[in-house]
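Visitor: My structure is below; once you've seen it, I'll send some questions.
A short reminder: the numbers here are calculations on the coordinates, not readings from a lab. The structure displayed is predicted, hence computed values, not measured ones. Glycine gets a Cβ as well: all are built from the backbone with ideal geometry, and neighbour counts include every protein chain shown.
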Amino acid sequence: MNATLTLTYFLVGALLTNVLLKLWLNARQVRHVARHRGDVPTAFASQISLADHQKAADYTLAKARVSQIDTGVDAAVLIAWTLMGGLSALNNVILDFMAPGLWQQVVLVLSFTLVGGLIDLPLSLYQTFVLEQKFGFNKMTWKLWLSDASKGMALGLILGVPLIALVLWLMQAGGAYWWLWTWCILVFWQLFLMAIAPNVIMPLFNKFTPLEDESLKERVSGLMQRAGFTAKGFFVMDGSKRSAHSNAFFTGFGASKRVVFFDTLLKQLTPSEMEAVLAHELGHFKHRHIFKMMATSFVSSLLGLALLGLASQQIWFYTGLGVTPSLTSGNEAVALLLFMLVVPVFTFLLAPISSWRSRVQEYEADAYAVSQTPAEDMSTALLKLYQDNASTLTPDPLYVKFYYSHPPASLRLARMQHAQA
């Protein structure tokens, strides 16, 4: 069997495995949540009402149904782009209107992104304006959605086109080690975006106002002083204009770090609970989770680019994925897009490792929060967040291992009580 057929069969086999595994895990989640819908878990019976428990179950089941559709659509789109010749056809159409060269390849990447966005649009709109609306979470208006979409597209063109052009140029002119120079550019670009995000990008979409609650400000300032952590300021984000979901986070790095609270969170939690939530976020910094995640991302991208550097030189890489490489024009954009399409298929089985690592970090951040604030405050804050975000208290354990970046509430509360003891 030649290399072309080997890669084709490998892709089909991996994709079929992915689809079947995702559908099986989804079915397990549906059965497990539906089976426990009628009764609140004993540990939460005094704090969570049956109505809230059933709302969380129904929300989870509704999202699972959408996930099933999404899995099927993603698989069909992947096959259409690759083995059915979609990417080749798009490239040929563009070549009919443009001469081969760098900008033709940039247009190919942009066209691919546009088509992919249009394919994803119906399901995205359904999730926002139907599913989230049904459960009372969506606050987005069509006007705001159009505004966000327009800003996102403009921002993508302003920031994305130069980066795409530079990467494709390096693939052409960077020699045998183009992937190393490209990786250096991508690392710099990511750090640059992190630096400008708090003051340039995020204010385009949300309004940030200084925290006015003096008692809360005094609390969190004292916490940060005890933790030896400094930030540029405390801000409230108008998250309620898009969603009823709530959160708190740090953004930026170095001197530009700031603490951001969703306005919905301020309405849901008491000052002591807010302090506990912030202590949890500080725990991520104390344990250097952000740095570790960035380092992992950088190493993964370096390995991926090195692999792309090898694969893009092989004819079977193109033909095995349904593309006939051009002999008269560059194939850099095609190689890049093919790689981006198929890598998730081959790395899906690594998802439990990533999820496990993330859950361990959440436990560590919880333990730090309990060491800095009363365990009761963190526990009640956690339950309120699970309740207000309609997060099910009874997920399927195997589904959790694959997909959950945060541990289920029952396990987090048990760990916090053990840490406090």
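Visitor: In which sequence would Arg219, Arg35 go, from the one with the fewest C-beta neighbours within 10 Å to the one with the most?
Guide: Arg35, Arg219
Visitor: Same structure again: D for segment 233-359, whole µm²/s, Stokes-Einstein with Kirkwood Rh over alpha-carbon pairs at 20 °C and 1.002 mPa s: what number?
Guide: 115
Visitor: Something else about it: As a test, work out the antiparallel percent of DSSP beta bridges whose residues both lie in the chain, rounded to the nearest 5.
Guide: Taking every DSSP beta bridge within the chain, about 65 percent pair in antiparallel fashion.
Visitor: When the convex hull of the C-alpha atoms of segment 306-391 is computed, what volume per residue in Å³ does it have?
Guide: Output value, Cα hull per residue: 156 Å³.
Visitor: From the mean inverse distance of alpha carbon pairs (Kirkwood) and the Cα radius of gyration, derive Rg over Rh for segment 220-291.
Guide: 0.96
Visitor: What are the semi-axes of the equivalent ellipsoid of segment 1-159, taken as the square roots of 5 times the eigenvalues of the Cα gyration tensor, listed largest first and rounded to whole Å?
Guide: Calculated on Cα positions only, the semi-axes equal 40, 25, 10 Å.
Visitor: Between Ala244, Ala390, Ala99, where does the largest GNM mean-square fluctuation fall for the chain, given springs only between Cα atoms within less than 10 Å?
Guide: Taking springs between Cα atoms under 10 Å, the residue moving most is Ala99.
Visitor: Related question: Apply the membrane-span-like helix rule to the chain: whole DSSP H runs, Cα extent along the own long axis of at least 30 Å, mean Kyte-Doolittle hydropathy at least 0.0. List the helices found.
Guide: Answer set is 3-35, 50-81, 102-126, 142-173, 289-311.
Visitor: In µm²/s, what is D for segment 118-178 at 20 °C and 1.002 mPa s, where D = kT/(6 pi eta Rh) by Stokes-Einstein and Rh is the Kirkwood radius from Cα pairs?
Guide: D, rounded to a whole number, is 149 µm²/s.
Visitor: Given Lys134/Lys267; Lys292/Lys384; Lys143/Lys217; Lys134/Lys292, which pairs have Cα atoms separated by over 31 Å?
Guide: Lys143/Lys217; Lys134/Lys292
Visitor: Note the per residue figure in Å³ for the convex hull of the C-alpha positions in the chain.
Guide: Taking only Cα atoms, the chain has a hull volume of 152 Å³ per residue.
Visitor: Can you run the Rg to Rh ratio on segment 1-46? Use alpha carbon positions and the Kirkwood inverse-distance Rh.
Guide: Using Cα coordinates only, the ratio equals 1.44.
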